[in-house]
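Values quoted throughout were computed directly from the atomic coordinates according to the rules given, and no laboratory measurement underlies them. Only a predicted model underlies this, so the values are computations on that prediction, with no experimental measurement involved. Cβ: placed from backbone, ideal geometry, glycine included. Neighbour counts: every protein chain shown.
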Amino acid sequence: MEQCIARPATATAPLPARPPMLEVRGLDKHFILHMQGGVRIPVFEGAGFEVRAGECLTLAGPSGAGKSTLLRCLYGNYLVQRGSIRVRHRGEPVELVGAPARRVLDVRRATLGHVSQFLRVIPRVASIDLVMEPLLARGVAADEARARAEALLARLNIPPALWALAPATFSGGEQQRVNIARGFIAEYPVMLLDEPTASLDADNRSIVIQLIQDALARGAAIVGIFHDEEVRAAVGQRSYAVGHTEAAA
Amino acid sequence: MHEAGYNFAYLDEQTKRAIRRGLLKAVAIPGHQVPFASREMPLPYGWGTGGIQLTAALLGREDVLKVIDQGADDTTNAVSIRRFFARTAGVATTTRVVEATLIQTRHRIPEAPLAEGQIVVFQVPIPEPLRWMEASERETRRMHALKEYGLMHVSLYEDVARHGRIAKTYDYPVMVAGRYLMSPSPIPKFDNPKLDRSPALQLFGAGRERRLYAVPPYTEVNSLDFDDHPFTVERWSQPCALCGATDSYLDEIITDDAGTRMLVCSDTDHCGARRAERPAEECTP
Amino acid sequence: MSDDEVLLRVRGLTHRYGARTACAQVDFDLHPGEVLGIVGESGAGKSTLLHCLATRLQPSAGTVEYRCADGRLREVFALSEAERRLLLRTEWGLVHQNPRDGLRMEVSAGGNVGERLMAVGERHYGRIRTQAAHWLAQVEIGAERLDHLPATFSGGMQQRVQIARNLVSRPRLLFMDEPTGGLDVSVQARLLDLLRGLVAQLGLSAIVVTHDLGVVRLLAQRLLVMRGGRVVEQGLTDQVLDDPQHPYTQLLVSSILRV
């Protein structure tokens, strides 16, 4: 089921002119818990949609419907049982389902970003280094990576005194903003956002909205989960309802 | 004439042939350690049993034997080995390098130049130069086979790190013909240059370890070192107190109970010959 | 992504100790810059596998091909012993769980680190020393410890000397057998941070055997899960740990306390 939500017209080029950045077809996901007698937990079946450059698709559905699971499947963090996930990577559609780990890593490095709900803290690594890392992995020079990381952390109101510290002791909001900086710094063409504004105050929320709008303006394709009505209204163009009873849209 | 009851030069001919076969192999692979069936000799290990077996296998009736120990012909060890062969082989003996056809030695190479046709037999306690760094014989043999000698430089590195220079003064490791790492036996490093391209055949025997090896005449022998810590030999600020030599290896000897010291040639025959050539009045006591 | 970039190609690797099969039918490729983790409980065959890969054990069956620095893919067990030993001292590194197995305890830290340089013919003491100091600094050991014996070092420091001793030859492939095993937890963490930094900075390819999922989570992009000598699951590290498929992997992951 796919519904269109009206959104104030922004400066986006006519959509059909652009090839889809992300094409999802017939995706099935269930978990089998071998530790619990092999119980099968279905999550979704036949999930499918397309997202084009400059477009933001929001995932809809009640808590527990599998929205985060779907994002993780798109990122290759969870395996799907069936279906196809094609990402436009270096100008070519690349199939991620069944792809070797190395290809998934290459797609993640250059094309596909994921901002998780919580910062998965890498112990003892300074915030600035966490944020720089995606750029360094692409071969960006350390000086440039550092400058961009500092600018982004500053924009997200992380005080410079915290940059050299590992985020383990930060507040939830600070951790989440470090996480967002890490997710946005590399300007991925395709971004998966899992409640990026949860645990942020109004000021920071609007900064993140601006970041998302900037990303769309530069042509990023975004799939996001946004519980916050304000965010959804500001960035969401279409929504897709997730659930195991849903048929492909 | 040699004493009845023993074969010529003590060892039986079978054993001598086996040793000579080993020596031929050793000559063919300069610096390579060849195992041999070392026999019990009528003196304890550490007294030159390896050298004695080589000498026994090589001696002919026409040979003239010189035996030195730390440069001297008259120490107990040298005297007893010389007497051993005089009795069991009846060969002529000498203290003069030029007269000798076979010189068995412990801890020195004579100062007088050696000549073609001469054989020097070295007594060797530990033939494996890598032993101190690598205890496993299996591994050291593999290192020799594959010419993996970096470890020997690690030991030299440790020396320089600890003492500011390569502190090894005797049994200083050498490369033979650019191929095999070899222990020159516990000669002072002063003698190492004499090994290089020597006209004499140099043979090494280790009795307890049952190994023999060889440096054929005119073989290149290089002492290991670092580019920035090159190999050097000992120098003394004074000449020999007895013969005035400035180019020989000197021993420090204590001459009285008051601890008076003097430096004299370790090679007693060399020193004596030099003194004999000079007018008596020029000699110090 | 093409095949010719493969650094190490392993096919059907099997090792038996008599009638007992320690590892069976292991297949994987390793590409330049990748870190592969091999996890499983004790006796799963992961150390045997590592020792077969590092040519310390002759496998009963299977092939291990390595792309040498000259670009040729060569079966490592078809190399001569001399070539293999040279590989182990130059292009490869092997970090043992117990630093005593990988260090010369009677040789100074500097001598330990300098050994590989001397093994390939470096004969300038000053340069060897400079290099040794550099690589000890890389593992956070100060120049004042250059001449100290490893026996005077803590376990964590010994392990770092062992790592420096391997890195000095700028290896293209590092084998690590439980590199943080046997160390105190805080020391483990520091070593892990250090390894993580070095692997990224030097672009190392590595194979890390460990029973510690925290180690692979931080170090490895890819994971092999072994049980009873067989690979039961393999994939992206985060995928295998976050969405394990095989019952054994689920057991392994569920037995780790979530922090």
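Things to note:
- Sites B:THR169 and A:ALA164 - FRET efficiency at Förster radius 56 Å, r taken between beta-carbons, to 0.05: 0.55
- Site pair A:ALA110 and C:ARG72 shows an inter-label distance of 3.2 nm when each label is modelled 7 Å from Cα along Cα→Cβ.
- Relative contact order for chain B, counting Cα pairs under 8 Å that sit 6 or more residues apart, in percent: 21
- Per-residue mean of C-beta atoms belonging to partner chains within 10 Å, peptide A:99-108: 5
- Candidate cross-link partners of A:LYS67 among the lysines, defined by an alpha-carbon separation under 20 Å and a same-chain spacing of 8 or more, comprise A:LYS29.
- The simple spin-label model puts a point 7 Å past each Cα toward its Cβ; for A:ALA137 and C:ALA19 those points are separated by 4.9 nm.
- Neighbouring partner chain Cβ atoms per residue of C:111-117, average, 10 Å criterion: 4
- The protein assembly as shown: C-alpha gyration tensor shape, a/c 1.5 cut-off, then a/b vs b/c: prolate
- Each of B:THR76 and B:ASP227 was given a label point 7 Å from its Cα along the Cα-to-Cβ line. The distance between the two points is 5.0 nm.
- For chain B, projected area of the alpha-carbon convex hull averaged over all directions, nm²: 16.9
- Residue separation of B:ALA18 and B:ARG131 scaled by 0.36 nm, minus their Cα-Cα distance, works out to 38.0 nm of gained length.
- Shielding of A:75-82 by partner chains, average beta-carbon count, 10 Å: 3
- For B:ALA177 and B:ARG208, the FRET efficiency from 1/(1 + (r/R0)^6), where r spans their Cβ atoms and R0 equals 30 Å, is about 0.70.
- Filter on B:LYS16/B:LYS168; B:LYS25/B:LYS189; B:LYS147/C:LYS46; B:LYS66/B:LYS147 - keep pairs with C-alpha separation over 30 Å: B:LYS16/B:LYS168; B:LYS147/C:LYS46; B:LYS66/B:LYS147
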